[in-house]
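Q: For reference, the structure I am asking about is given below.
The values are calculated or read from the model by the stated rules, or taken from the named source; none is laboratory data. Remember, it's a predicted structure, so these values are computed and weren't measured experimentally. Every residue, glycine as well, gets a Cβ built from its backbone with ideal geometry; the counts of neighbours run over all protein chains shown.
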Amino acid sequence: MNSASAAQVPVSMHPHSTKPHSCRQAGAAHALGSWLLLWLCALWAPLAAAQVVRTGHVSAELVAERSAVQPGGSVQIALFLQHLPQWHTYWRNPGDSGLPTRLEWQLPPGVQVGDIEWPAPKRLPIGPLVNYGYEGELLLPMPLTVPADAPVGSELKLRATAHWLVCLDVCIPESAELELRLPVVAAGTAPGSTAWTPDFERAAALRAAPLQGWSAELQRHERDLLLTLQADAPRASATPLPPIEVFPFAEQLLHTAVHEVYATPRGYAVKLRLMPDAAAPAALSGIVVSQGDGGAVWGGTNPMAEFQAPLREVPQITLPDGAQRLGAAAPPAAVLPSGGAGIGPWPALLLAFAGGMLLNLMPCVFPVLSIKLLGLAQHPPGSAALRRHALAYGAGVLGSFIALALGLVALQGAGSAIGWGFQLQEPGMVFALALLFFAIGLNLMGAFEVANLLPQRLASWRAGSPVADAFAGGVLAVVVASPCTAPFMGAALGFALTQPAAVSLAVFTALGLGMALPYMLLCLAPGWRRWLPRPGAWMQTLKQALAFPMFATAVWLLWVLGQQAGVGAMSRVLMALVALALLLWLAHIGSLRSLPGKALGALALAAVLAWSWPHETPPPGTGVGAGSTATTAGTEAKPAEGLWLPYDEAVLARLAAEGRPVFVDFTAAWCVSCQVNKRLVLNTAATLQEFERANVVLMRADWTRRDAVITQALARLGRNGVPVYLLLRPGLPPLLLPEILSHGIVRDALATLQPQAATAPQ
């Protein structure tokens with residue numbers, strides 16, 4: 001709910017405390033027109049009449065320090081906000097992004113309300129950016145002045161429309177229509193206090209006063225700044241100085257992530273940096289907030305003071321002698337949250353359905369689907385068997401997606417950092433899939449028949465239960481689909497795995513429906529069958545030809561296994577494939593048709609599989625070269641690969657502070673779409689030249705093996721699988737590119753960079 005106009009709920013109690021909210025005596029007195037009751041209410045009522053408005057993420061109300069006002073007098077009023085846990089609104093300078101809270105007043109004639117007296121904010125790291133804002137309870141005081149001719153016994157009706165931007169992973173603009181009523185009492189009548197009076201008193205004690213007893217200066221060399229705060233007199237205490245934080249008043253002036261605080265013999269020095277497109281001010285104004293024991297640093301009890309530092313150009317930024325680094329703000333996270341987590345349930349369902357349909361065209365699924373279509377051509381159209389076949393296939397796809405969703409939700413609930421394709425991060429699963437695809441290829445070539453390997457009873461049951469084969473085909477299609485992320489899938493899956501289990505299951509079900517529907521329609525709609533070729537001798541040839549995509553997939557899986565477990569593991573799996581081919585050939589020629597022969601063959605195969613099963617992770621430098629970050633494996637990278645830095649959130653934060661654009665490639669060796677994009681687009685000379693011209697730093701996040709840091713980064717982006725392509729742009733919101741890339745898409749994304757970023761020195 002973005003607006004509170006439809007949700008204004010007058011209540012008598014503060015939503016999160018026991019403070020009484022409204023003066024019902026005052027309301028009755030006003031209705032009766034009794035000046036005496038107004039006077040009593042002003043003396044004894046705990047709070048003036050107001051309203052609480054609850055929006056989707058904030059409770060808001062107007063409150064007053066006193067229960068009444070006097071003609072010609074003044075009183076403190078405030079906007080009180082109660083945020084949902086972890087949600088925040090913004091200070092007068094929101095930082096790198098956001099909007100400050102503001103009010104639009106409708107006031108009686110002569111009544112004036114001053115500016116908000118902002119309390120000290122907190123730094124809110126969001127990706128490589130830092131915002132300034134508030135969480136929890138927030139009181140925003142402001143002075144109210146009453147005209148001298150305000151009639152005694154009347155009631156001031158203060159109305160305001162409050163606007164704020166409230167954010168967590170997504171940002172939502174909200175507003176509320178608020179009202180506060182204050183009775184006007186005679187000048188000789190002391191207005192009573194309210195339950196809010198202590199809050200106002202604390203706010204007044206923490207109100208920023210001009211910095212006294214200290215001098216402030218801002219040094220500048222190009223974009224680097226040094227703010228020095230020096231005490232006019234030597235410090236009497238030997239207590240170490242606590243860290244401080246500096247909050248400038250001017251928006252879009254400083255890189256908020258650059259905030260290095262040093263203690264000096266006379267005070268503080270703070271390293272800052274101008275934004276690329278910001279002009280150096282004649283003086284820097286803002287507040288400085290001590291993080292230590294109250295405000296003893298500033299000569300009082302207030303930890304916050306207001307400063308104004310005149311600018312002085314210097315040939316070089318030099319820290320004062322004896323400067324020592326103090327505790328800095330926590331480094332910001334690596335990447336920004338994006339819209340995937342905030343797309344909403346219905347868009348997520350539609351994106352999942354569309355992504356499931358497109359999944360049939362991905363290189364992971366298309367070979368298996370081609371085999372299914374080959375079998376479909378042999379069925380007479382409109383038969384009951386064909387309908388059962390279609391429904392069984394659809395059930396296999398849907399059941400697999402639901403099982404996968406339940407597994408993901410359960411593992412995430414147990415604290416595991418996993419995402420789409422997580423099973424391929426396990427070398428054992430990659431090994432098993434390589435064997436499966438190799439065996440499917442041999443079967444398509446006619447090297448063996450599955451029925452010859454099964455016990456007679458099981459073989460007879462399978463022959464009489466084609467529905468089971470159709471169901472297994474649906475399961476297989478989902479298994480081989482996991483290395484691929486189709487367009488539209490990323491945002492949908494990212495949303496699903498941040499929602500309650502029921503919503504996650506609904507999104508995965510929509511994905512399964514989209515994947516199963518094209519094949520089911522071919523089965524159930526006879527008119528669509530005319531697009532298929534007529535059965536003939538060509539089918540046997542095509543069947544054998546489809547074996548080669550299966551073999552190619554097995555080879556690719558072996559390469560993936562090499563990235564995960566090293567050359568030794570890959571070599572043992574190759575021997576397992578040879579052993580599997582030998583045993584299948586022996587079964588084909590009849591050497592293993594007897595029961596003892598089958599048992600001996602199964603025992604031999606089990607022994608070979610146990611020997612070749614990848615059970616260790618190679619030490620650094622022993623792999624075949626990382627598919628995404630080749631340098632991390634200790635091998636010599638190819639020229640294109642050597643341009644990519646391994647994913648490092650500390651490096652990302654430093655680059656963001658320097659104003660450098662960064663392109664992050666979230667990838668995995670087992671992700672087919674990733675490898676296609678890498679070879680056809682990202683590592684091509686044309687694209688690399690575009691990156692170089694734009695002065696973009698290239699970084700690759702390799703998700704081939706399980707990595708909690710990368711998984712969390714993907715989650716902040718609203719994604720739960722790869723590929724994901726992120727362009728971090730200084731001074732601009734980050735940009736997510738589509739899952740399927742082209743040179744033009746990358747070029748257009750780079751064109752959005754600010755000119756300063758594209759021409760910054762290396």
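Q: (1) out of contact with any Gly (no Cβ under 7 Å at 6 or more places or on another chain); (2) of a type in the set (Ser, Thr, Tyr); (3) closer than 24 Å to Phe249 by Cα: which one isn't true of Ser74, the others all being true?
A: That leaves (3) as the condition not met.
Q: Moving on. Need a quick list: strands (runs of 3 or more DSSP E) entirely within segment 59-143 having at least 3 residues that are modelled with pLDDT of 95 or more, assigned by TED's automatic domain parsing to the domain that holds Leu274 and on the phi < 0 side of the Ramachandran plot.
A: Because the criterion is at least 3 residues that are modelled with pLDDT of 95 or more, assigned by TED's automatic domain parsing to the domain that holds Leu274 and on the phi < 0 side of the Ramachandran plot, no strands (runs of 3 or more DSSP E) in segment 59-143 meet it.
Table: residues versus (1) charged (D, E, K, R); (2) in a loop (DSSP other than H, G, I, E, B).
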residue	(1), (2)
Glu251	yes, yes
Ala257	no, yes
Ala263	no, no
Gly286	no, no
Thr301	no, yes
Leu319	no, yes
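Q: Looking at segment 699-716, which of its residues are in contact with a strand residue (DSSP E or B) (Cβ under 7 Å, 6 or more places away or on another chain) and either of a type outside the set (A, V, I, L, M, F, W, C) or assigned by TED's automatic domain parsing to the domain that holds Gly428 (or both)?
A: Arg700, Asp702
Q: Considering (1) at pLDDT 65 or above; (2) out of contact with any Ser or Thr (no Cβ under 7 Å at 6 or more places or on another chain), say which one Leu424 fails and leave the rest.
A: Leu424 satisfies every listed condition except (2).
Q: Still on this structure, please answer the following. It is to be established whether one or more residues within segment 681-697 are under 23 Å from Pro125 (Cα atoms), under 18 Å from the mean Cα position of the chain (by Cα), of a type in the set (A, V, I, L, M, F, W, C) and surrounded by 17 or more Cβ atoms within 10 Å (Cβ to Cβ).
A: no
Q: Looking at this structure, is Ala432 at pLDDT 80 or above and either in the same structural domain as Leu542 (by TED's automatic domain parsing) or under 26 Å from Arg705 (Cα atoms) (or both)?
A: Yes.
Q: If I ask for residues that are modelled with pLDDT under 50 and either more than 30 Å from Tyr725 (Cα to Cα) or touching an Asp or Glu at 6+ places or on another chain (Cβ under 6 Å) (or both), which ones from segment 314-354 would you list?
A: The answer is Ala328, Ala334, Pro337, Ala341.
Q: Another question, if that's okay. Can you name every one of the helices (runs of 4 or more DSSP H) wholly within segment 651-762 that holds 1 or more residues which are farther than 23 Å from Leu254 by Cβ and not acidic (Asp, Glu)?
A: Per the criteria, 672-677, 685-693, 708-716, 743-750.
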